[in-house]
Structure formats: C-alpha cells, structure tokens
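The values are calculated or read from the model by the stated rules, or taken from the named source; none is laboratory data. Only a predicted model underlies this, so the values are computations on that prediction, with no experimental measurement involved. For neighbour counting, all protein chains shown are included, and Cβ atoms are generated from backbone atoms with ideal geometry for every residue, glycine included.
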Amino acid sequence: MRKEFLMGLILSCAAVCPALADGMKTFGTVEQVTAVNNTFTVRGDDGNVYLFNVNEMTEIEKNGKWFDEDLSLVDLNTGDRVQVEYFADNPGFLIVDEVEVFPPKMKKSLKGKKKQ
C-alpha cells in the first residue's frame, strides 16, 4: 500500500512539474529601465509591479504592422506597453524569456469633423 502511494505521488509530480517550469505572462507599462543591471520594471495591468531581469537568451521584439522588429533593453522606454513572458524561478527577480513591445495607441483625431 505504501509503495503504491509513493509511486502514485512520484508519477503525479512528474506530470505536474513540467507545467511548473512553463513561463508566465503579464501585460503592463514599463516604469523604469536600468540597462547597467539588465533589469526593467513593469506596472502590470493587475496593479502589481514586476522587476524583470534580461539575459542573452531574452528576445525583445516590437510588434509592427507587417513584421516584428528586434530590439534590445536600451530600446525600451518608460511608458511602453509590453507583454512579458517570464520564469518565476528566482525569488529576487523574474527572468524574462520574451518581451513584446506594442506601438502606442493612436488617438482619434477630431480634426476635419463637422460639429453637430
């Protein structure tokens, strides 16, 4: 009985553990970029502030109309809207897998419209 329980526990852990290694995702606005430390902070749409760390494997891309443009950390600006895929393995900071930077929202122009 004990042997069967332990085997079941091991098998269930094997099924769950790879899912824990998968990355997480958040959307938000860049608040600060510190290129010398390879970090940036994002205020998530959920209200949380995230400290992210980038490394040589991190992909940063600007979402364009026709194709994505590769960027580096120094290309990130305060106020940029981003989607960040990351790993939460480190309790001190979150390791970034991929950052997608979205173009600023276009404001509708009232110029040329007739007043009613």
Quick one: residue 18 ticks every box in (1) surrounded by fewer than 10 Cβ atoms within 10 Å (Cβ to Cβ); (2) modelled with pLDDT of 90 or more except a single one, so which number is it?
(2)
Search result, residues across the stretch 37-83 that are farther than 12 Å from residue 96 by Cβ, of a type in the set (A, V, I, L, M) and within 13 Å of the chain's Cα centre (by Cα)
49
Of everything in the stretch 78-101, what is charged (D, E, K, R), under 17 Å from residue 32 (Cα atoms) and not in a loop (DSSP other than H, G, I, E, B)? Give them in sequence order.
81, 100
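Quick one: is residue 70 surrounded by 14 or more Cβ atoms within 10 Å (Cβ to Cβ) and not polar (S, T, N, Q)? Outline the logic, then answer.
On the way: surrounded by 14 or more Cβ atoms within 10 Å (Cβ to Cβ): no; not polar (S, T, N, Q): yes.
Judged against the criteria, residue 70 is not a match.
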